[in-house]
Structures are given as structure tokens and as C-alpha cells.
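*Asks:* Attaching a single structure in C-alpha cells format; questions to follow.
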Amino acid sequence: MEIPVYLFTGFMDSGKTSLIMETLLENDFGVGNRSLIIACEDGDVEYDEEKLAEYKTLVVGVQSEEEFTESYLQACDTEFQPDQVFIEYNGTWEAAKILEMNLPKDWVIVQQLATVDASTYEMYLNNMRSMMMEQVFNADVVIFNRCTEETPKAKFRRTIKAINRKAQCVYEREDGSIDQSDMEELPYDINQDLIHITDEDYGIFYLDVQDHPENYAGKKVRFLGYVYRPEKLGKKPMFVPGRFAMTCCEDDIQFIGFKCKYDRAKELGHKTWIDITAEIKVEFAKEYRGKGPVLYAVEVNPAEAPADELVYFS
């Protein structure tokens, strides 16, 4: 029988312990199950082990990264025989380690949740960006807690989506309530006949059209793009206009572009710059494994490279 494992990542004091306690005690995850919490760090909040025992939940602690091994987890499985496992991972440990481990038989990571203290997030982004992004890179849900009216939710969401498209972002106020207010204010007018996307706005545009392609169906856009059209495309009437984006740091730059159909695509030089005007259609594409935004070029002209060839998501 499959034993679900819930992985909680995030820096110390970002709210992992409180979230696990809330999940077990308030959301009834502990009812009828023998649960095991593996705590890999000691934060300001401690587990109420007496209360957890009422829910047949046991807490074990790991003192060092060297101790957190496949054999240790196997020993936990043998000794405690849990029905479900909650792992509070240490925010200073390499996040990829646990994702690459061979877990005990029947243990399956079914969800990864990352907690982020909204009040310190920008500081960590500026000073420890790679470490912060590692905590959320594979998360299914990213929970920003301690949010206020001044929290730049749209900016935070873009930094997460830039490296983890699947992540759902949740914003929790300081009183514990969830902020469900509309947070996305686009820097361009989506209702214009021709939406002109500036270099500064390309990253935001890319994420929004991927998340909400239906909002752009039938719209015309214009932007400065870099042509990706390798020789293997041959005479196919298509290419990929896009931009290189810095998603995490200088060592993590990727090309983000759109499938584009164009009768004269074979005339375009690979790795050249163009000024493109295109209509967006939402249709099936194997690249999306379903429906997604596909551009139909209306006008394509040669262009000079911009002063800064990179685009950003903040």
C-alpha cells in the first residue's frame, strides 16, 4: 500500500512547523492514520507532542544532514510503520538530496509545500537568491505567510513562476487568513488593438499568456524577439521568437519563447533579432501536450539587439 509523504521545505522560522501542526490537527489529516513527523531542524515553534500523540502522531528529530540517509529513513519505516509521513526539511540542506533519494518501499512524495516569510523574502532574494529558489524549485504549493497590504504579491508570484510554472502561490495574512484579492496588475493594456510589449514587460507578458492564454486569444502583439530556428526545422513554416531570461541568477538563464507559424520562416536567420507583430491563437500543440498559445506572424522585420539582451521577471 502506498505511503504518502508530504515534504515541507523553506528556511528556518518560515512557518513549516506551524503548517504541519495545522494540517494534522485542524485539517483532520491525522484522523485514522498513524503519522510520523521527521523534523530536520529546531525552529522557534515546537511540536505539541502530547497533543499529536492523541492523533497517533510521533515526532522524531534528525540532528545533522549526515544522519539523514536512506538507511535512516528505512529504519524509521521499520520501527514506526507509519501510514503517512511528514518531513520538515532543513532549509540549509541541499533540496535536491531528498528528491534524488531512494525512499523506503511504498513511500511516495505526493506533495511538496514550501513556506516563505513574506517579510524577509526580498532580502533573501537579493542576498541568497540561489538558496531561496532551491527551496521552491519543485514545490507544488508555495505559501507566503505574514503578508501585509504592502506585500508585492504579483512580484513574488512572478519570481516563483519564473522557475516553477506548476507552483500554486498562496498568500496568508499575519492573522492567519488567506488573501484572495486580485493581485495581478499588468503593465500594458490587454484591451488594445495592438499590445506593444516592451523589453521590460516581456517576462511578465510571457508568464501571463502561458497562465491565461484564453485572455489573449485573437489578440495582436508586437515585441522585439530573438529568433530560434535551428537547421532541423528545414522548410517547416515555423520558428520560435523569444528572449533569454534570468530566472534565478547568472548561472540560470533560459530561453523563453513561443511557437510561431510564418510562411517565410525559412528566410529568417537563426539567432537573429526581429521586430515581430503576431496574432495569438489558442490551439493544440505537441510542445504543450495540449492547447496553448501559438503565434501567427503578421509582420516580421529585422531589428538591432537591445542594450540589455536579458529580460527579468521582477
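*Asks:* Of the conditions (1) within 26 Å of V170 (Cα to Cα); (2) without any contact (Cβ under 8 Å) to a residue 24 or more places away in the chain, T115 fails just one. Which one is it?
*Replies:* In the conditions (1) within 26 Å of V170 (Cα to Cα); (2) without any contact (Cβ under 8 Å) to a residue 24 or more places away in the chain, T115 misses (2) alone.
*Asks:* Return yes when D193 is free of Cβ contacts under 8 Å to residues at least 40 places away in the same chain and either of a type outside the set (V, I, T) or assigned by TED's automatic domain parsing to the domain that holds A154 (or both) and no when it is not.
*Replies:* Details: free of Cβ contacts under 8 Å to residues at least 40 places away in the same chain: yes; either of a type outside the set (V, I, T) or assigned by TED's automatic domain parsing to the domain that holds A154 (or both): yes.
For D193, the condition - free of Cβ contacts under 8 Å to residues at least 40 places away in the same chain and either of a type outside the set (V, I, T) or assigned by TED's automatic domain parsing to the domain that holds A154 (or both) - is met.
*Asks:* Among the residues of segment 169-195, count how many are surrounded by 13 or more Cβ atoms within 10 Å (Cβ to Cβ) and closer than 27 Å to K281 by Cβ.
*Replies:* Matching residues across segment 169-195 total 5.
Yes/no matrix, rows are residues, columns are (1) touching a strand residue (DSSP E or B) at 6+ places or on another chain (Cβ under 8 Å); (2) surrounded by 15 or more Cβ atoms within 10 Å (Cβ to Cβ); (3) outside the structural domain of M133 (by TED's automatic domain parsing):
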site: F8; (1), (2), (3): yes, yes, no
site: M21; (1), (2), (3): no, yes, no
site: V31; (1), (2), (3): no, no, no
site: S35; (1), (2), (3): yes, yes, no
site: E50; (1), (2), (3): no, no, no
site: A53; (1), (2), (3): no, no, no
site: E66; (1), (2), (3): no, no, no
site: D77; (1), (2), (3): yes, yes, no
site: T92; (1), (2), (3): no, no, no
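*Asks:* Sort out which residues of segment 160-186 are at pLDDT 85 or above and either outside any loop (DSSP other than H, G, I, E, B) or farther than 16 Å from V116 by Cβ (or both), and write them in order of number.
*Replies:* I160, Q168, C169, V170, Y171, E172, R173, D175, S177, I178
The values are calculated or read from the model by the stated rules, or taken from the named source; none is laboratory data. Just so we're clear, the structure is a prediction, and the values are computed from it rather than from any experiment. Cβ coordinates were reconstructed from backbone atoms using ideal geometry, including for glycine residues, and neighbour counts include every protein chain displayed.
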